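Working notes, structure below.
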């Protein structure tokens, strides 16, 4: 609780530091709007709106750091001739949301930071009460609702005061921070914009998945089917003259057909593993662990059934992570922990390998991040040189 109040105070103080920037941005915007009746104002107005965007971006970053999520907005690019830039800048709804937030923040920023700093000031004053006992005050008295005219009263009042202020302040300050930052998110990153970004990310992840399936079919199953057709064609032509060769070609075609069927089953399993429908995520993760060449300890107690899309996303993340462990980590063991906390599913894969995992190294980690981001989830990778490596993802499972 204390640490959360400290964090909230830090974020609220950073918000307070934005207030002068808000004032400057608002003044610049007002001046350029007044001057927009002239050519000079039309030239300067897009630059003033870019300044607003920069300040709003800082506010979004601060709000996102407290809320633990990305707070983003989509702007229309300001380019073209003078009149085109003015039309685009003033016609973008986000421009007016930014201006509204800057004006509101001039009031809410000092209020939030003042409340937080007042808490710590009150605690500091409470700790200083015994020192006032030595000050040259009349009769050594400090008047609260009662006079502190003896050490016994000081010894009782100080802990009581600190406990009361702390109990109230340590709860109120984080609540104020939560309210102000959620208000900033609502203004600076409206729901329909966030929804549009999630749809874009989901379409991107879906496109990546379709390209992977197409590549697997083209390079694997399709090539095998062509080879089978060629063997059967040759066998058909030589059947009358060389039955033994035809029989050998038919045998090769049969074996290749079996391999193709296995490959097709793997591709189908990659789309949506049947084991998820039959046994749910815990059973599917247990099956992944059983097939892993690296010993894997699994903990999935209390997860239960989840929406199919969430189960599939978590399954593929864990499958890719265990594949990376087997191929790259040189680990002797790994652990998979899956748990549901409220409306969030948390999955964590840890190995005792060499560490140094890199998203740009072609290990599939970038694909994991894209898949999780499409669900508005979060991905955290910790992999110092020498290990251990921990991949942790959170997915909403409402």
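Here, each number is a calculation from the coordinates, and none is a lab measurement. Bear in mind the structure is a predicted one, so any value in this text is a computation, not a measurement. All Cβ positions, glycine included, derive from the backbone under ideal geometry; neighbour counts span all protein chains shown.
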Distance (nanometres) between label positions extended 7 Å along Cα→Cβ at residue 237 and residue 37
8.9
Give, in nm to one decimal, the length gained when the segment between residue 309 and residue 128 is fully stretched (0.36 nm per residue of separation minus the Cα-Cα distance).
59.4 nm
Round to the nearest 0.05 the FRET efficiency obtained for residue 248 and residue 69 when R0 = 51 Å and r is the Cβ-Cβ distance.
0.25
Inverse of mean 1/r across different Cα pairs in the stretch 1-75, Kirkwood, Å
14.0
Length released on extending from residue 90 to residue 24, taking residue separation times 0.36 nm less the Cα-Cα span
21.9 nm
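Hey, how much of the P(r) for the stretch 279-396 falls beyond 25 Å, as a percent of Cα pairs? Before the final figure, lay out each step's value.
On the way: 1019 of 6903 pairs.
Every Cα pair in the stretch 279-396 considered, those over 25 Å come to 15 percent.
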Quick check: Cα centre of the stretch 16-39 to Cα centre of the stretch 109-124, how many Å?
29
Peptides 72-83, 117-128 ordered by average Cβ neighbours within 10 Å, highest first:
117-128, 72-83
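Please arrange 105, 328 by counting, for each residue, the other beta carbons lying within 10 Å of its beta carbon, fewest first.
In order of increasing Cβ crowding within 10 Å: 328, 105.
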For residue 297 and residue 106, compute 0.36 nm times the residue count separating them, minus their Cα-Cα distance, and round to one decimal in nm.
63.5 nm
